[in-house]
Every structure is written in structure tokens, then in C-alpha cells.
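For reference, the structure discussed in these notes is given below.
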Amino acid sequence: MDAKFLPHSRSPFSTLSRRRHTCKPVCTPIYAVLTRPSPSQSITQEARKTSDYNDKWFDLIAINHLSQSVQAATGLRNGMSGYESLVEAARVASQKFNPIQQREVVIEALERAFPRPILYLIRTLLPPSKFAREYFAAFTTVFFAWLVGPCEVRESEADGRREMNVVHIKKCRFLEETNCVGMCTNLCKIPSQTFIKNSFGIPVNMVPNFEDMSCQMIFGQEPLDLTDDPALKQPCYKLCKAKQKHSMKCSS
């Protein structure tokens, strides 16, 4: 499923420099134009790793902190370091737990990674508003590229208004490293949507494109019900590493 957005020419931080004090603390629903892939577009090709990352000191600290949080939540430790450690922690979780348990484990890991007082402070200072949605989009591109890869803020339209509230992830690092649709949906998309809404009061809809491994994070848009979300109905990659190690259909 792909999300189509209006082209934009503004900097993703232009809105941040001109905060409007009159924005209403009401979260206006944002709607993306979605297209459903045809049956012939099933994900059966081999996913190939093409990106190289040179993690800086801040990136490594953040990666190891999140990896340790996941390992603590699962109770399953590994002796690796860097992004490899995070991927291994996620892969072990996908093998040891069912999809529902996987989502619960990631939410617990995120709660461990981000102290509650900080989450409460952010939620208090940034009630649902146009500014908050645009702030979270810009913040994600700057401080979470180490997790998802290069990304940029894009524009969408809601009720005739334009907002810079969409994060376009050019090629998701986590999906590229794990090479598994089920790990994307159960260990990233669904728990992240739940955690962000519960922690900050702002819904976010993550729309992965399994053909090119890109993803859209649409702040302000409620995600689809799990029974209606096409992401949970996609077959996995032909050479899915996780599927080779357990009997579950990892994309279900």
C-alpha cells in the first residue's frame, strides 16, 4: 500500500521556526490517498541489502541503548554490538514469541528506553495540534535516522490545509537488515503506532512499501484496524531469514 502526497518545496524545519501561538490543541485527522496493490504485486522477490551506514558516536549510543532495552524486555541476551545487536535481539524475539507477544515486548522495550517523566513532559508541552504533528515529523528525521535510515519531511493535505506532518523513509534500515515482513509489522509498525499514541496522544499511521522498502509515517492519522491493514496481508520475502528458522507464517 502506497501513500501519495502533494509535492513540496519548503524545508521540513520551516514550520518549526514560525510557531503559531494560535494553533488549537485539537488533533485534526489527516487522510492520505491510499492505493491497494494488485494481486500480481505480491512480495516474492529477494530483498537485497544495498545501503551502507557509518554510525557516529550518538548513533551507536542510541542503537545500543535500544538493543539493551529489547534484550531486557525479552530476557534474551546476545553478545553483539551496534545495529547487528539490535537486529539479533529483534530476530530472537520473532522466533520465541507469537505476533501479539512480539508487539507487547517492543512496547515494553520502548517504555524502558524512554523514561516516563520525559514522555509526560513532552505530552504536556505538546498537546495535539498542527504544530505538534509537524514537530514530531521533523524531530523523527533528525534524531531517528540511525534506526530507520535517511528520511525527510513531506507535506500532506487535510481539510484543505497543508501540513508538513509526514516522514518519508527512503529505505527502511530495519526492514533491509531483517529482510522479513513479519518483523516489520510486529516488531516495528504496530508497536510503534501504539507507543506513540499512548505516550504522546498523537496517532501515527505507518505505511510500509514492501516493494522498495520505503515507509511513510503520517502523524495525525489513525492507523487502519489490523484486520483491514494490507501490510498484515502481505506475503514475506522469498528469502526471509526468520521464516527459514520457525514454522510460523511470519507475515501473518
In region 173-183, anything of a type in the set (A, V, I, L, M, F, W, C) and outside any helix (DSSP H, G or I) is listed as Cys180
Do any helices (runs of 4 or more DSSP H) entirely within region 53-158 hold 3 or more residues that are under 19 Å from Gln193 (Cα atoms) and open to solvent by 40 Å² or more (accessible area, probe 1.4 Å), and if so, which?
99-113, 116-125, 130-143
Evaluate region 159-172: report whether one residue or more is more than 23 Å from Asp52 (Cα to Cα) and not in a strand (DSSP E or B).
yes
I'd like the residue in region 159-169 that is surrounded by fewer than 20 Cβ atoms within 10 Å (Cβ to Cβ) and touching a strand residue (DSSP E or B) at 6+ places or on another chain (Cβ under 6 Å) and, out of all such residues, is nearest to Cys240 (Cα to Cα).
His168
If you go through region 198-216, how many residues are part of a loop (DSSP other than H, G, I, E, B) and surrounded by 19 or more Cβ atoms within 10 Å (Cβ to Cβ)?
4
If only one of Thr178, Thr185 is β-branched (Val, Ile, Thr), surrounded by 24 or more Cβ atoms within 10 Å (Cβ to Cβ), closer than 22 Å to Leu239 by Cα and modelled with pLDDT of 95 or more, which one is it?
Thr185
Can you find a residue in region 219-239 that is of a type outside the set (A, V, I, L, M), at pLDDT 95 or above and closer than 25 Å to Asp59 by Cβ?
yes
For region 219-240, does any single residue satisfy the condition of being open to solvent by 50 Å² or more (accessible area, probe 1.4 Å) and closer than 15 Å to Arg91 by Cα?
yes
Being modelled with pLDDT of 95 or more and among the hydroxyl-bearing types (Ser, Thr, Tyr): is that true of Tyr135 here?
yes
Taking Gly160 as the residue in question, decide whether it is small (Gly, Ala, Ser), free of Cβ contacts under 8 Å to residues at least 60 places away in the same chain and over 23 Å from Gln68 (Cα atoms).
yes
Hey, can you tell me all the residues within region 188-197 that are closer than 13 Å to Gln102 by Cβ and open to solvent by 20 Å² or more (accessible area, probe 1.4 Å)?
Cys188, Ser192, Thr194
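The values are calculated or read from the model by the stated rules, or taken from the named source; none is laboratory data. Computed from a prediction, not measured in an experiment: that's the story for all the values here. Here Cβ is always computed from backbone atoms with ideal geometry, including for glycine, and neighbour counts include all displayed protein chains. Side chains included, ligands, DNA and RNA excluded: accessible areas come from the protein's heavy atoms. Shrake-Rupley method; radii C 1.70, N 1.55, O 1.52, S 1.80 Å.
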